[in-house]
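Input: a single structure, listed below in structure tokens.
The numbers here are math on the coordinates, done by the rules we state, and not lab data. If you're wondering where the values come from, they're calculated on a predicted model, not measured in any experiment. FYI the Cβ positions are ideal-geometry reconstructions off the backbone, even for glycines, and counts take in every protein chain you see.
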Number of protein chains: 2
Amino acid sequence: MEFACKQIDLDEVVKCSLGLTRAEYRVFKKYMALKNQVTLADLSKKTGLDRTTVQKASLKLVERGLLSRFQHNRARGGYEFFYSIADRKEIRSKVRTIVRSWWETVDDNLQYW
Amino acid sequence: MEFACKQIDLDEVVKCSLGLTRAEYRVFKKYMALKNQVTLADLSKKTGLDRTTVQKASLKLVERGLLSRFQHNRARGGYEFFYSIADRKEIRSKVRTIVRSWWETVDDNLQYW
């Protein structure tokens, strides 16, 4: 894809619109690809990213409303957290709204050019 | 202005949307800034670009419908050509339509992302 003769790829568009770093986006994409809830340890294994990175990224994704966190009680007491991507439709809609606003800024400027 | 975290400027957007080279865009901008019809020699002086560049660029601008050419008869016989920018409103509208189509391509891709 191109915009103003600059090559842009979809990952770049989504990452930028959601304000994520490269590592956060990598974690985000992995969650997107998974159907089931996973623990941070699971995701660390699946992405090959260290636990701290996965934890930090997941926290930010939760804050941004991109990731849901669930508390599961263990049979023997205590609990652990599971994570899964938030509503995919809503995320897509959010990204599209932001990208639309970028275009609108360009278009506004063109009106007075 | 930004699009997908890439800095873009308005000149770049317009130049790219109209498919012009740097020199062609420079000539185009000069015509845009002028109210009166000018000869190629006038424009060459005003832009500091050599006559051949101005001539080539102007020809392309005429072909693209961005520039109008007028034939003026000389009092002593013969004629010369004068040039002025085509309908500014139409040009702006053309650019906006093209930029909109770039955004639509990105948006289409996001729908299936």
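Annotation: the protein assembly as shown has a Kirkwood hydrodynamic radius of 21.4 angstrom, from the mean reciprocal C-alpha pair distance. Inter-label distance, B:Lys6 to A:Tyr79: 4.6 nm, where each label sits 7 Å from its Cα along the C-beta direction. For chain A, averaging the sequence separation of C-alpha pairs within contact (under 8 Å, six or more residues apart) and dividing by the residue count gives a relative contact order of 24 percent. In nanometers and ordered shortest first, the copy-to-copy spacing of the B:Asn73 label point, defined 7 Å from Cα toward Cβ, is 10.1. Equivalent-ellipsoid semi-axes for the range A:29-94 (Cα gyration tensor, √(5λ), whole Å, largest first): 20, 15, 11. With neighbour counts taken as other beta-carbon atoms within 10 Å, the residues A:Phe70, A:Phe28 rank, fewest first, as A:Phe70, A:Phe28. Positive-end ranking of B:Leu20, B:Leu110, B:Ala33 along the dipole of the range B:2-111, with charges on Cβ about the Cα centre, is headed by B:Ala33. Close amide H pairs (under 5 Å, H built 1.01 Å from N) link B:Phe3 with B:Ile8, residues at least 5 positions away or on another chain.
Going by Cα centres, the range A:1-51 and the range A:87-113 are how many Å apart? For the range A:1-51 versus the range A:87-113, the Cα centre distance is 20 Å. The modelled label-to-label distance for the pair A:Arg69/B:Arg64, using points 7 Å beyond Cα in the direction of Cβ, is 5.3 nm.
In the structure displayed, which of A:Lys6/A:Lys35; A:Lys45/A:Lys89; A:Lys6/B:Lys30; B:Lys6/B:Lys46; B:Lys46/B:Lys89; A:Lys15/B:Lys30 lie more than 30 Å apart, Cα to Cα? Write out the running numbers ahead of the final one.
Numbers: A:Lys6/A:Lys35 34 Å; A:Lys45/A:Lys89 27 Å; A:Lys6/B:Lys30 25 Å; B:Lys6/B:Lys46 33 Å; B:Lys46/B:Lys89 24 Å; A:Lys15/B:Lys30 39 Å.
Too far apart for the 30 Å limit: A:Lys6/A:Lys35; B:Lys6/B:Lys46; A:Lys15/B:Lys30.
Exposure proxy for A:Thr52, B:Thr53: other Cβ atoms within 10 Å of each Cβ, ordered fewest to most, give A:Thr52, B:Thr53. For the range B:22-113, applying the loop criterion from DSSP together with a ceiling of 12 other beta carbons within 10 Å to the trypsin sites (Lys or Arg not before Pro) yields B:Lys35, B:Arg74, B:Arg76. Kirkwood-type hydrodynamic radius, chain A: 15.8 Å, calculated from all non-identical alpha-carbon pairs.
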